Amino acid sequence: MKFTAQCFRKSAFISLVFLGVTCAAHAQFTLTGTFYIQNFDSLGTANESVGLPSSWSVTDNASLSSLGTLVSSVGRNTWADTAGGARNVASSTGHTGSESTSNQHTFTNRALGYRQGSSVGDPGAAFVFHANTTGLGNFSLSFDFMTLDVETRSTTFSVQVSINGTNWTTLTTVADSSSFGSQSVSASSITPAIDNQSSVYFRIAALSASSGSGSRDTIAIDNFQLNYSAIPELANTVLLTCLATVMGCVAMRRRR
Ligand SMILES: [Ca+2]
Ligand SMILES: [Ca+2]
Ligand SMILES: [Ca+2]
């Protein structure tokens, strides 16, 4: 009897811990004001596994109809290391690509990187931001897409939004560059389907296999920005319309 109760308590505890971890990885970021920017510099320069910024995840197995398995921590690595998966890397900004590995580790401008491999993330690599857009609309986004280790294979990443993680709208695409550095990616007039929603996913995902042969690049994202505005409340809209009508009537009467 005692044994059973103990087992129950243990498994309940384990379930709660698991639930907590799962929730932490999926919790939405409540957007406020008129913009959101993420520069990933909180990843830091320490040689350890670190948590991603709030509501950010990476995955190795995203697909057209699935979020994949979200992971919310990464380890520090260099641009050229060939180990597959997500990594905390130095941003390309202000650099040429020839900086030594020990130098890269000291750069405080960080980026969220990924190195696809034959058995990881090709396809399926994705960067995911989970947001709550309640009260907000008119979304646009921009970010820097960095090619940090130029190799012969090429991968196209889709920039997508979804309110359920299964049906996705592609806003634009971006592929690795043939030279070290950063490309500016942006999308405006994002579908109003993501306006005023408690759960919206933004992702940058490799949904089809890389092309070409040989090695795969290390890529990264940095300076991810959302711009948006508050949706006027219905009551305010009605009030303004009434006010405009009254003022119009007054003006007409005066002209008579
Ligand atoms: Ca950065
Ligand atoms: Ca290389
Ligand atoms: Ca390439």
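Read the figures in this text as sums done on the coordinates, not as results from a lab. It should be emphasised that the depicted structure is a prediction, and the values quoted were computed from it without experimental measurement. Neighbour counts run over all protein chains shown; Cβ positions are idealised from the backbone, glycine included.
Observations on the structure shown:
- For segment 29-245, the relative contact order comes to 28 percent (Cα pairs under 8 Å, sequence separation of at least 6).
- Volume of the convex hull of segment 54-97 (Cα atoms only), normalised per residue: 116 Å³.
- Electrostatic tally near L52: other residues with Cβ closer than 14 Å to its Cβ, Lys and Arg +1, Asp and Glu -1, net +1.
- Here segment 29-245 is assigned +1 on the Cβ of each Lys and Arg and -1 on the Cβ of each Asp and Glu. Its dipole about the Cα centre then comes out at about 160 debye.
- Residue exposure proxy: D81, D60, D217, ordered by other Cβ atoms within 10 angstrom of their Cβ from fewest to most, comes out as D81, D60, D217.
- Here the alpha carbons of segment 135-213 define both size measures, Rg and Dmax, at 14.4, 47 Å.
- Ranked list, fewest to most other Cβ atoms within 10 Å of each Cβ, for Y36, Y228, Y114: Y36, Y228, Y114
- Principal semi-axes of the equivalent ellipsoid, √(5λ) from the alpha carbon gyration tensor of segment 29-245, are 34, 18, 15 Å from largest down.
- Other residues within the sphere of radius under 14 Å centred on the Cβ of N223, judged by their own Cβ, net out at -2 (K and R +1, D and E -1).
- The residue among G181, I204, T152 whose Cα reaches farthest toward the positive pole of the charge dipole of segment 29-245, with charges on the beta-carbon of Lys, Arg, Asp and Glu, is I204.
- With neighbour counts taken as other beta-carbon atoms within 10 Å, the residues T134, T155 rank, fewest first, as T134, T155.
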